[in-house]
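This report refers to the structure that appears directly beneath it.
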Amino acid sequence: MSEVLSQSEIDALLTAISSGELDAEEIRKDEVQKKVKSYDFKRAYRFSKDQTRSLTRIHENFARLLTSYFSAQFRTFVQITVASVDQLPYDEFIRSIPKMTILNVFEAFPLEGRMVMEVNPNIAYAMLDRLMGGQGISTEKFRTLTEIEIIVMEKIFNKALENFAEAWKAIVDFDLELELLETNPQFMQIVSPNETVAVISLSTKIGDAAGMINICLPHVVLEPIMTKLTAHHWFSSQKKTRVEGEIQQIEERVKKASVVIKAELGSSPLTIGEFLNLSIGDVIQLDTLYEESIKVKVGNMLKYRAQPGISKKRVALQVTEVLNEGVEENE
C-alpha cells in the first residue's frame, strides 16, 4: 500500500522541485527504470520449484527405504536424509565429485537414457569392510576395487535400485537395470556437459563413516514424465493408491466372510398334524421332478442350479447354471 503524504509534506516537496533541489525528470526515470537481472544460459533452470519439491518428496521416501535396507544388510547404525536437491550442468556435477569414487550407472525403463548414483568412497569402503566382517571403518587411501569387490558392490546397489523404483512407484513404474559400476568420473559421459541435471544429495552415515550419496537425474531423461512431477499429480496419485489399498482390504475381508450354501431338492406343504404323524417309510411328494435341476442358494439368494449325484461315494452336486445377479428368496 502506497504511503499517504500529509499537506505539509506535499508543500515541502513542491518547494524542493521549484527551487531545483529535486529534478522531476530524474524521479520519473527512476519509476520507469526496469530492474535487470543477469541470467546464465549455461546454467539454465529447467526444473520448476514444484517439480523440485516433488523430487524432494520422492527421495525422502527413498532415503527411508534405503535406511531400512542398509540397516538390515550391515546390521549397524544407519542414517540417511535428503541434504539438498539442486539443478546444475552435468559438467559441474562431474567436477564436484571426487576423482576416485563409486559410480553406479543405471537405466530406468521405459525412460530412455542413463542415470547415476554416486557413492562417496568413505561410505563405499565402510560398506565393504562391514560385509567382510569388519567394524565398518573406511580407509584414508582409496584404491581401485578388485573384481570380487566390484561383484559385492553390484549386489548391494542392485537391491538399492529396487528401493529406488519403489520410491518412484507413485509417479511411474520403473524397470531398473544396473548397467555398469565405474570408479573414474572422467570416463563416464551420460549426457552432454551443458545438459541440466537434478542432483539429489543424500547425507549418509553408516557406523562411524559419513559421506554423501548423490543421485544424478538428467532433465532430458526425465522429460517424458515431467508433467507428473507436480503437487497435483503427486497428491492425486497418493489418494488413488490409498483408495486402491482400502478397496483391496475390503475385498480380502469379504473373501474371508462365512456364508451358508444350501441345495434344495424341492418343497412340499404339510400341516402340523401331518408333520407330527410322519414315520419311517412314509413318502413325501415334492414339487419338482427327478430330472429337473435343483436350487442352490447362497444365503437367501438363488445363485446356482445343479444336478445331484454321487462322486467318490459321497453325495455331490454338479453346477449346471450360474445365475449372475441371483434371485432373492425369502425363507
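The values are calculated or read from the model by the stated rules, or taken from the named source; none is laboratory data. Everything numeric in this text was worked out from a predicted model, so none of it was measured. No Cβ is skipped: glycine too gets one built from the backbone with ideal geometry, and neighbour counts run over all protein chains shown.
Below is a table of values for the structure above.
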read-out	value
Residue check for ALA108: in a strand (DSSP E or B), closer than 17 Å to CYS216 by Cα, among the small types (Gly, Ala, Ser) and touching a Leu at 6+ places or on another chain (Cβ under 6 Å)	yes
Residue in segment 272-283 that is at negative phi and in contact (Cβ under 8 Å) with a residue 12 or more places away in the chain present	no
Number of positions in segment 182-200 that are in contact with a strand residue (DSSP E or B) (Cβ under 6 Å, 6 or more places away or on another chain), within 25 Å of ARG130 (Cα to Cα) and crowded, with 18+ Cβ neighbours inside 10 Å	0
When residues of segment 120-144 are limited to those that are assigned to a loop (DSSP other than H, G, I, E, B) and buried (at least 19 other Cβ atoms within 10 Å of the Cβ), the one modelled with the highest pLDDT	ASN120
Single match in THR144, THR81 (criterion: more than 25 Å from ILE190 (Cα to Cα) and of a type outside the set (A, V, I, L, M, F, W, C))	THR81
Every residue from segment 303-317 that is surrounded by fewer than 16 Cβ atoms within 10 Å (Cβ to Cβ) and within 11 Å of ALA263 (Cα to Cα)	GLN307, PRO308, ALA316
Whichever residue in segment 145-158 is crowded, with 16+ Cβ neighbours inside 10 Å and not aliphatic (A, V, I, L, M) and, among such residues, is modelled with the highest pLDDT	PHE157
Single match in ALA170, ALA72 (criterion: surrounded by 15 or more Cβ atoms within 10 Å (Cβ to Cβ) and hydrophobic (A, V, I, L, M, F, W, C))	ALA170
Segment 294-313, subset at pLDDT 85 or above and of a type in the set (S, T, N, Q), residue nearest to GLU264 (Cα to Cα)	GLN307
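Residue-wise test of (1) of a type in the set (D, E, K, R); (2) modelled with pLDDT of 85 or more; (3) outside the structural domain of LYS169 (by TED's automatic domain parsing); (4) farther than 25 Å from MET212 by Cα.
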{"site": "ASP30", "(1), (2), (3), (4)": "yes, no, yes, yes"}
{"site": "ARG57", "(1), (2), (3), (4)": "yes, yes, no, no"}
{"site": "TYR69", "(1), (2), (3), (4)": "no, yes, no, no"}
{"site": "SER84", "(1), (2), (3), (4)": "no, yes, no, no"}
{"site": "GLU92", "(1), (2), (3), (4)": "yes, yes, no, no"}
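Matching residues to (1) assigned by TED's automatic domain parsing to the domain that holds ILE58; (2) at pLDDT below 85:
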position: PHE174; (1), (2): yes, no
position: GLU177; (1), (2): yes, no
position: LEU180; (1), (2): yes, no
position: GLN189; (1), (2): yes, yes
position: SER203; (1), (2): yes, no
position: SER236; (1), (2): yes, yes
position: GLU251; (1), (2): no, yes
